[in-house]
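Engineer: Let me begin by handing over the structure; questions about it come next.
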Amino acid sequence: MTAPRTPVVFIHGLWLHAASWTPWLELFAQAGYDPVAPGWPGEPDTVDQARQQPELVANTSIDDITVHYTKIIDALDASPVIIGHSFGGLIAEKLLGQGTGTAAVAIDPAQIKGVLPLPLAQIRAALPALGNPPTYISPSPSQKNSSGSASATHSARKNPASYTTNGRFPAPPARSSRPRQPTSPSTPRQP
C-alpha cells in the first residue's frame, strides 16, 4: 500500500493568476506531494481571460478569499501545508491562525492590518499600487518593467518576459513612463 501524499495548497498574491504556480506544482508533484493551486473566488480559468476581465476579482475581500480557501481545504482528504506569496501569504497566515492547514509558508507576505513597521522592499513593491488611488478599486494592466524586487521566483529575474506572460494579469501601472536605469553599487539610483 502506498503512503498518502501530503497535500500542498498554493495561494497567489494580488495581480497574479493561479497559473503562476505551475512550475512549483510540477516540482512538488515530482517530490511526492499532492499540490494544488486554486484561483481566487471569481478568477477566470486562464491568464488571458483574467486580463480581459480584471473586474471579476475586483472588490474581493480578505474574508471572501479566506472563506473560499477554507472550503477548498476542508474538501481535501488530509490537512495541507499552505504556501502563499504576497497577499496569498497573508491569506496563508490567516488560514493557519484559524486552525486550517497543518503548516503555512508565507513568502514575502502582505502586512496584516495594524502591523506598522514595513521593510523597505515591501514598501517599494507596494508603491505602484499605493501611489495610484484609482487602482484601489479598479485593477489595470501591469507594466513589464514593474516586476523584479518582489518577484517570488529566481527564474523570473533571469527571464522577466516569462513572468509577465505566464501568470501576471491586472496590476497598477508604473508611476513613470520612463524606464528605470540599471544601478550598481557605484551608480546612484535615479528617481
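Engineer: If you take the residues in the stretch 22-36 that are touching a residue at least 12 places away in the same chain (Cβ under 8 Å) and in a loop (DSSP other than H, G, I, E, B), which one is nearest to V9 (Cα to Cα)?
Structural biologist: Among those residues, the one meeting the criterion is Y33.
Engineer: Follow-up. List pairs: first residue in the stretch 5-21 and touching a residue at least 12 places away in the same chain (Cβ under 8 Å), second residue polar (S, T, N, Q) and crowded, with 23+ Cβ neighbours inside 10 Å anywhere in the structure, Cβ distance under 7 angstrom, at least six positions apart or on different chains.
Structural biologist: Pairs found: H12/S20; G13/S86; L14/S86.
Engineer: Across the stretch 67-89, what is the total count of residues that are surrounded by 22 or more Cβ atoms within 10 Å (Cβ to Cβ) and among the hydrophobic types (A, V, I, L, M, F, W, C)?
Structural biologist: The total comes to 2.
Engineer: Here is a check on your reading of the model: is I62 closer than 28 Å to K113 by Cα and at pLDDT below 95?
Structural biologist: Criteria met by I62.
Engineer: Does A92 qualify as being modelled with pLDDT of 70 or more, under 15 Å from V9 (Cβ atoms), small (G, A, S) and surrounded by fewer than 18 Cβ atoms within 10 Å (Cβ to Cβ)?
Structural biologist: Criteria not met by A92.
Engineer: Answer yes or no as to whether P7 is more than 19 Å from A126 (Cβ to Cβ), of a type outside the set (D, E) and crowded, with 19+ Cβ neighbours inside 10 Å.
Structural biologist: yes
Engineer: On to the next question. Hey, can you tell me all the residues within the stretch 13-36 that are surrounded by fewer than 16 Cβ atoms within 10 Å (Cβ to Cβ) and aliphatic (A, V, I, L, M)?
Structural biologist: Passing the criteria: L27, A29, A31.
Engineer: Spot the failing condition for G99; the list is (1) without any contact (Cβ under 8 Å) to a residue 40 or more places away in the chain; (2) among the small types (G, A, S); (3) not in a loop (DSSP other than H, G, I, E, B), and only one is missed.
Structural biologist: (3)
Engineer: Please work out which residue is farthest from R5 (Cα to Cα), limiting yourself to the stretch 67-94 and to residues that are in contact (Cβ under 8 Å) with a residue 60 or more places away in the chain and assigned to a helix (DSSP H, G or I).
Structural biologist: Across the stretch 67-94, the extreme among qualifying residues is F87.
Engineer: Among the residues of the stretch 37-66, which ones are assigned to a helix (DSSP H, G or I), surrounded by 15 or more Cβ atoms within 10 Å (Cβ to Cβ) and of a type in the set (D, E, K, R)?
Structural biologist: Of everything in the stretch 37-66, just one residue is assigned to a helix (DSSP H, G or I), surrounded by 15 or more Cβ atoms within 10 Å (Cβ to Cβ) and of a type in the set (D, E, K, R), namely R51.
The values are calculated or read from the model by the stated rules, or taken from the named source; none is laboratory data. In this text the structure is predicted, and so the values were computed from the model without any measurement. Please note: Cβ atoms are built from the backbone with ideal geometry, for glycine as well, and neighbour counts cover all protein chains shown.
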